[in-house]
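The values are calculated or read from the model by the stated rules, or taken from the named source; none is laboratory data. Note that the structure is a prediction, hence the values are computed from the model and not measured. Here the Cβ positions follow ideal geometry from the backbone for every residue, glycine too, while neighbour counts run over all protein chains shown.
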Amino acid sequence: MNAVDIEALSVNYGAKHAVQGLDLRVRPGTTCVLLGPNGAGKTTTLSVLLGLRPADSGRVSVLGRDPRDPALRHLIGVVLQDGGLPMAAKPVAIVHHFARLYSNPLPLPELMEKLGLEHLDRPYRRLSGGEQQRVKLAVAMIGRPQLLVLDEPTTGMDPAARRVFWTLIDELRQQGVTTLMTTHQPDEAGTRADQIAVIHHGQVIADDAPDRLIEASPVWFTCARHLDLSTLRQVLGDEYDVAEVEPGRYRVRGDVDVPQMSAIEAWVAGHGDGRQAVTMVRSLEEAYLEMTGGSAW
């Protein structure tokens with residue numbers, strides 16, 4: 001049984017098709033990250049999973065249950081973009097209140113320390129964006145959930161806080177907890193997730209392990225500006241597309257394997273301007289931008 005099982009999900013807002021025939025399956029005890037431009041359907045999909053809005057068509061199962069099953073309330077931890085927490089209360093009071101709703105909550109002092117909340121003595125409304133996100137995460141984790149559903153949980157977090165967040169997610173995965181989350185940090189997710197699902201125009205257009213998505217991405221390299229690329233095109237062949245996309249930043253599209261990488265490296269080595277280190281990269285961010293056409297909304 002999958003932790004999340006979605007088949008042919010469609011959700012409409014009037015004449016707008018927010019989600020159109022979306023399919024997604026997430027195995028238990030894994031971390032799945034949803035990537036996609038704003039308005040792609042990510043948050044709508046999470047809303048259906050959480051039973052916050054009905055599907056217009058399709059089949060959705062969460063931990064083997066209908067999303068509207070009341071039993072799921074104690075099995076799922078949630079972080080949403082919009083509030084829902086008392087603005088005048090302090091973090092320890094907020095988390096303590098939610099801990100009382102569960103029969104076997106996590107030890108409060110230990111959780112607060114892990115998330116760096118133990119010394120915050122200000123009302124929730126006076127916390128920074130990253131601090132508020134950490135309070136939301138504590139609330140989501142306090143009940144020992146089987147599934148975490150997190151909508152852009154690292155928004156507002158500094159690099160140190162994001163590192164702590166991902167360490168916690170890794171620890172929970174080792175305990176068998178499933179995490180389904182959205183983010184606008186592709187490369188961050190690419191190093192820690194088991195599964196990446198790219199959503200575009202309400203559909204999953206790619207669903208695979210991060211390393212396999214990266215292998216299919218274009219190769220980028222930096223070098224001197226405005227080079228004549230005709231010789232590199234001759235080396236690689238007509239089936240490869242080579243272009244200077246930004247000044248001094250070049251993209252190679254095509255089935256680039258070890259021989260082609262070596263040929264590109266040799267060509268680049270002879271064309272550097274000597275003022276900067278020449279780098280060649282493949283990344284999840286580039287794979288994502290290639291799949292979505294660079295769409296931002």
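Within region 226-239, the residues that satisfy the criterion of being free of Cβ contacts under 8 Å to residues at least 40 places away in the same chain, assigned to a loop (DSSP other than H, G, I, E, B) and more than 33 Å from the chain's Cα centre (by Cα) are H226, D228, L229, G237, D238. Within region 112-122, the set of residues being assigned to a helix (DSSP H, G or I) and either surrounded by 20 or more Cβ atoms within 10 Å (Cβ to Cβ) or touching a Leu at 6+ places or on another chain (Cβ under 8 Å) (or both) comprises M112, K114. Figure legend. Inter-residue proximity from region 200-225: first residues without any contact (Cβ under 8 Å) to a residue 60 or more places away in the chain, second residues among the hydroxyl-bearing types (S, T, Y) and loosely packed, with under 15 Cβ neighbours inside 10 Å, beta-carbon distance below 9 Å, spacing 6+ or different chains. Indicated pairs: T222/T279. The number of residues in region 132-162 that are acidic (D, E) and either part of a strand (DSSP E or B) or under 14 Å from L111 (Cα atoms) (or both) comes to 1.
When P159, P186 are screened for being without any contact (Cβ under 8 Å) to a residue 24 or more places away in the chain, farther than 19 Å from A3 by Cβ and under 19 Å from the mean Cα position of the chain (by Cα), only P159 passes.
Within the set R144, R125, the sole residue that is among the basic types (K, R), over 17 Å from the mean Cα position of the chain (by Cα), surrounded by fewer than 19 Cβ atoms within 10 Å (Cβ to Cβ) and under 24 Å from V62 (Cα atoms) turns out to be R144.
Against the definition (under 27 Å from Q146 (Cα atoms) and surrounded by 18 or more Cβ atoms within 10 Å (Cβ to Cβ)), how does T183 come out, yes or no?
On the way: under 27 Å from Q146 (Cα atoms): yes; surrounded by 18 or more Cβ atoms within 10 Å (Cβ to Cβ): yes.
Yes: the conditions hold for T183.
Of all residues being among the hydroxyl-bearing types (S, T, Y), farther than 18 Å from T179 by Cβ and surrounded by 15 or more Cβ atoms within 10 Å (Cβ to Cβ) in region 1-49, which is nearest to the chain's Cα centre (by Cα)? Just the residue, please. Looking at residues that are among the hydroxyl-bearing types (S, T, Y), farther than 18 Å from T179 by Cβ and surrounded by 15 or more Cβ atoms within 10 Å (Cβ to Cβ), I get T44. Condition check for E131 on (1) in contact with a Lys or Arg (Cβ under 6 Å, 6 or more places away or on another chain); (2) closer than 25 Å to S47 by Cα: one failure, at (1). Scanning region 249-272 for residues that are touching a residue at least 12 places away in the same chain (Cβ under 8 Å) and under 29 Å from the mean Cα position of the chain (by Cα) returns R249, Y250, R251, V252, R253, G254, D255, V256, M261.
Just to be sure before I move on: is D211 within 16 Å of the chain's Cα centre (by Cα), surrounded by fewer than 20 Cβ atoms within 10 Å (Cβ to Cβ), more than 21 Å from P153 (Cα to Cα) and not aromatic (F, W, Y) in the structure I sent? Don't jump to the end; show me each part of the working.
Values: within 16 Å of the chain's Cα centre (by Cα): yes; surrounded by fewer than 20 Cβ atoms within 10 Å (Cβ to Cβ): yes; more than 21 Å from P153 (Cα to Cα): yes; not aromatic (F, W, Y): yes.
When the stated conditions are applied, D211 passes them.
So, in region 221-250, exactly how many residues are touching a helix residue (DSSP H, G or I) at 6+ places or on another chain (Cβ under 8 Å) and either modelled with pLDDT under 90 or within 17 Å of E290 (Cβ to Cβ) (or both)? First the steps, then the outcome.
Taking region 221-250 and keeping what is touching a helix residue (DSSP H, G or I) at 6+ places or on another chain (Cβ under 8 Å), we get 221, 223, 231-232, 235-236, 240, 242.
Within this subset, residues satisfying the condition of being either modelled with pLDDT under 90 or within 17 Å of E290 (Cβ to Cβ) (or both) are 221, 223, 240, 242.
Adding up the residues that qualify gives 4.
Hey, does region 215-224 have a residue that's loosely packed, with under 13 Cβ neighbours inside 10 Å and over 25 Å from N38 (Cα atoms)? Within region 215-224 (the criterion being loosely packed, with under 13 Cβ neighbours inside 10 Å and over 25 Å from N38 (Cα atoms)), the answer is no, since none of the residues qualifies.
On the basis of being closer than 19 Å to P153 by Cβ and of a type outside the set (G, A, S), does L120 make the cut?
Criteria met by L120.
Answer with yes or no whether L108 is farther than 22 Å from L172 by Cα, assigned by TED's automatic domain parsing to the domain that holds H74 and surrounded by 15 or more Cβ atoms within 10 Å (Cβ to Cβ). Quick ask: steps written out before the conclusion?
Values: farther than 22 Å from L172 by Cα: no; assigned by TED's automatic domain parsing to the domain that holds H74: yes; surrounded by 15 or more Cβ atoms within 10 Å (Cβ to Cβ): yes.
It is false that L108 is farther than 22 Å from L172 by Cα, assigned by TED's automatic domain parsing to the domain that holds H74 and surrounded by 15 or more Cβ atoms within 10 Å (Cβ to Cβ).
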